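J.: Dropping the structure in here first, questions after.
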Amino acid sequence: MTDDPHAIQTLAQLEALFGQPGEASLKKEVPYLHPTYQALIAASPFAVLATLGPGGLDASPRGDPPGFVAVQDEKTLLLPERRGNNRIDSLRNIVADPRVALLFLIPGVGETLRVNGRARIRATPELLARFAVEGKPPQCVIEIAVETVFFQCARAIQRSQLWAPVPQGPRPVPTPGAILSALTDAAFDGEGYDRALPARQRATLY
């Protein structure tokens, strides 16, 4: 507990601060993939996967053409795990704790979709072949048993202007190579990394 009189430390304080949720915010939550929610998943090319493990929380981006997360049935999602940097933070967490959450985004659409459930990692050859792209299967598939599903209103997307046209001009943030160089006190060849990065990404996309 803190001595700060303005700190919110109990559920009662929190509920008093925000009040009761509106009817729509409660009605929109269901324990299965309603067809309207399946339509959102089919249109989404990007999702954020949240996991929990011994080292704490993790949130990791996932992306592919729209519908890359497959609806197996109204209680099951299948998420192919493509090649990456082999940190496998999300997979390590799932092995330790199956609880996961997904946030789906759709370009140009303000509403997002939130899915909570429990995951397991599968490497069945037939399942991997189902998700092959350019003849290359994923490393594995994350199977998610759905527990709750609901859409999030558009306010966050509207406030951030996430889908506004991309500003023209110089890159506003450091490049990956510049970040690595800064983190290693210039021991890492950041310029060389940036030069090779586009070709390497194209060659290892799948």
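The values are calculated or read from the model by the stated rules, or taken from the named source; none is laboratory data. Values in this document were obtained by computation on a predicted structure and should not be read as measured data. Heads up, the Cβs are rebuilt from the backbone with ideal geometry, glycines too, and the neighbour counts pull from every protein chain shown. The protein model used for the area step is the full one, side chains on, heavy atoms only, and it has no ligands, DNA or RNA in it. Shrake-Rupley method; radii C 1.70, N 1.55, O 1.52, S 1.80 Å.
J.: Any residue that is open to solvent by less than 80 Å² (accessible area, probe 1.4 Å) and touching a Pro at 6+ places or on another chain (Cβ under 6 Å) - is there at least one of those in the range 109-123?
T.: Checked against the condition, which is being open to solvent by less than 80 Å² (accessible area, probe 1.4 Å) and touching a Pro at 6+ places or on another chain (Cβ under 6 Å), the range 109-123 yields at least one hit.
J.: Just name the residue that is nearest to R202 (Cα to Cα) out of those in the range 56-89 that are open to solvent by 50 Å² or more (accessible area, probe 1.4 Å) and among the polar types (S, T, N, Q).
T.: Applying the filter and picking the extreme gives N85.
J.: Note down all Cβ pairs under 9 Å where the first residue falls in the range 19-43 and is at pLDDT 95 or above, the second is of a type in the set (A, V, I, L, M) and assigned to a helix (DSSP H, G or I), and they're at least six residues apart or on different chains.
T.: L33/I41
J.: Do the conditions hold for R118, that is, is it in contact with an Asp or Glu (Cβ under 8 Å, 6 or more places away or on another chain), basic (K, R) and under 28 Å from P21 (Cα atoms)?
T.: It is true that R118 is in contact with an Asp or Glu (Cβ under 8 Å, 6 or more places away or on another chain), basic (K, R) and under 28 Å from P21 (Cα atoms).
J.: Next question, about the same structure. Those residues that are farther than 27 Å from A96 by Cβ, open to solvent by less than 40 Å² (accessible area, probe 1.4 Å) and assigned to a helix (DSSP H, G or I), I need them from the range 26-42; list them, please.
T.: Passing the criteria: only Y37.
J.: Over 22 Å from T204 (Cα atoms), of a type outside the set (S, T, Y) and more than 14 Å from the chain's Cα centre (by Cα): is that true of G117 in this structure?
T.: no
J.: Still on this model: Do we find a residue being in a strand (DSSP E or B), touching a Leu at 6+ places or on another chain (Cβ under 8 Å) and open to solvent by 20 Å² or more (accessible area, probe 1.4 Å) anywhere in the range 90-102?
T.: Yes, because at least one residue in the range 90-102 is in a strand (DSSP E or B), touching a Leu at 6+ places or on another chain (Cβ under 8 Å) and open to solvent by 20 Å² or more (accessible area, probe 1.4 Å).
J.: Please list, ordered by first then second residue, the pairs with beta carbon atoms under 6 Å, 6 or more apart or interchain, first in the range 129-153 and within 18 Å of H34 (Cα to Cα) and modelled with pLDDT of 95 or more, second among the small types (G, A, S) and open to solvent by less than 50 Å² (accessible area, probe 1.4 Å).
T.: The qualifying pairs are I144/G117; I144/A119; A145/G117; V146/G117; E147/G117.
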